[in-house]
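Trainee: Structure in structure tokens, see below.
The values are calculated or read from the model by the stated rules, or taken from the named source; none is laboratory data. Note that the coordinates shown come from a computational prediction; the quantities given were computed from them, not determined experimentally. Positions of Cβ are backbone-derived with ideal geometry, glycine not excepted, and every protein chain shown enters the neighbour counts. Each accessible area value is taken on the protein alone, full model and side chains, heavy atoms only, with ligands, DNA and RNA left out. Shrake-Rupley method; radii C 1.70, N 1.55, O 1.52, S 1.80 Å.
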Amino acid sequence: MGPRVQLPPEIQLAQRLAGNEQVTRDRAVRKLRKYIVARTQRAEGGFTHDELLKVWKGLFYCMWMQDKPLLQEELGRTISQLVHAFQTTEAQHLFLQTFWQTMNREWPGIDRLRLDKFYMLMRMVLCEALKALQMQGWDERLTEQLLELLTTEILHPDSEAPNGVKSHFIEIFLEELTKVGAHELTADQNLRLIGPFCTIAAQTQDSLVLHNIAQGIFEAIVEQAPLAIEELMNELEEEELSEEEELSEEEEGLSEEEAQERGVLSREPPKGSVCRAQPPLDEQAGDDDDSASTVLQFDYKAVADRLFEMASRQDTPPQNRKRLYKVIRKLQALAEGLFPEADIPEEAYQNPRGGRRVRMKKRLSGSQLRDKTGLPPRTISGVGADLDTSFTQPCVSGRRAKEALHSNSSPGSTRRRRQRRAGGDPPAPQERPRGHGRRGAPRRQWRLRAGAKAKMAGCQEPKAKRKRTPEGQK
């Protein structure tokens, strides 16, 4: 036998990561973390693109083989946190790039029973990528590199990302960004982070991507506007309270003589003052958790201007421009302090029987009713002033108003109304053949010819059949 070929460590780890035994897979994940730390610490070390693709192949099937939701969540968290084991930002970005390339390649082969855990894995990897950016202080250069990576691998029309990966990424981006940086990101930084979505929404030819971006990014910003404004007001109130508490503490630190000169009678704050006793430690911890911002802050006018700049270009498709202009109007209204109401279309009512949309009938205004009836508006007795038809409808007789409202009815009903008006008796209703309750034209009655009638008159009627009786009853 020849000498045994030594496989590269990346292939050995990938084989163990895709093993059948859970103990083998867990041990391989721990060894992979140590191997990443040891290799990236060296200046001449580092991973190549193909090596990380092999590593992610093993990690993908490691997640594939894992069952039980709690264990899947723990494994997903362990795999996503491997990004922090890389010592350089270039290696981290390469690790993230190969992850999204692996998901794009393997996505068509994932069955519906395993979709949820890979959805969770994408969410966790995106969250850890944003945390790695947070550790760098949201550096502009690193932010641009990460956004360019995500745009190239997922959002760009030339990317190989399936619709499922694109839709899920758009759906979770704002949610994970809120979890990581809502309490420290400014409005300018948030605008920079959603910049790629503005560009793709204006350039894409895919209606599904346009709809997902409009709903998952821009409409979500509009829906969260009341919460964002409320949190901003709460922060301003807390700042005012802290300033007043500092002033009260300074007054309490003064001597009694100086306090009497200033008109302060006691060290205790007066009744109704904002100064309060310190709550217990448990309550303070709960207040800190509640005070953490849970909504991203945006400059709505800046977002609207950015969208308008992208949508007003000549190369923007008409359907994209039309969709973005609706969002721009909502953002401009928010910038002016107006919250948009729910848009309920007039024809959004469905017929429960036929399933067709039913057009809502508009009531006729006073001027339209007067034009149809030809009667002047009724005057109020004792006043002699005509009612303003723009606010009230004219009072006409019931018969004339009914005729005016039904002026577009069938010719038969119009003819009968004319005969009643002339004083003539209405024509007798025509008898319709009895049937199964169907409406419409009467059925045609078939008549027999004369020869057929004569033949039927001379024929003999058939005899009635005798009933058979059992032999015992004869």
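Trainee: Using 7 Å Cα-to-Cβ label points, what is the Gln15/Asp315 separation (nm, one decimal)?
Mentor: 5.0
Trainee: So for the pair Gln215, Lys31, with labels modelled 7 Å out along Cα→Cβ, what separation do we get in nm?
Mentor: Label at Gln215, label at Lys31, 4.6 nm between them.
Trainee: Would you tally the net charge around Gln145, using a Cβ to Cβ cut-off of less than 15 Å, leaving Gln145 out, and scoring K and R as +1, D and E as -1?
Mentor: Residues near Gln145 contribute -4 overall.
Trainee: Using the Cα gyration tensor of the range 110-178, with a ≥ b ≥ c the square roots of its eigenvalues, what is the shape: rounded (a/c below 1.5), prolate (a/b larger than b/c) or oblate (neither)?
Mentor: Oblate.
Trainee: Length gain on complete extension for the stretch Ala38 to Glu336, per 0.36 nm per residue less the alpha carbon to alpha carbon distance?
Mentor: 101.8 nm
Trainee: Simple spin-label model, 7 Å along Cα-to-Cβ: Lys326 to Trp107 in nm?
Mentor: Label at Lys326, label at Trp107, 2.5 nm between them.
Trainee: Skip the ligands, DNA and RNA, and give the accessible area per residue of the range 30-143 with a 1.4 Å probe, whole Å².
Mentor: Counting only protein heavy atoms, the per-residue value for the range 30-143 is 50 Å².
Trainee: I'd like the carbon and sulfur percentage of the solvent accessible area for the range 1-112, probe radius 1.4 Å, heavy atoms only, ligands and nucleic acids excluded.
Mentor: 52
Trainee: May I ask for the net charge around Gln97, where only other residues with Cβ less than 12 Å from the Cβ of Gln97 are counted and Lys, Arg are +1 while Asp, Glu are -1?
Mentor: Taking every Cβ under 12 Å from that of Gln97, the sum is -3.
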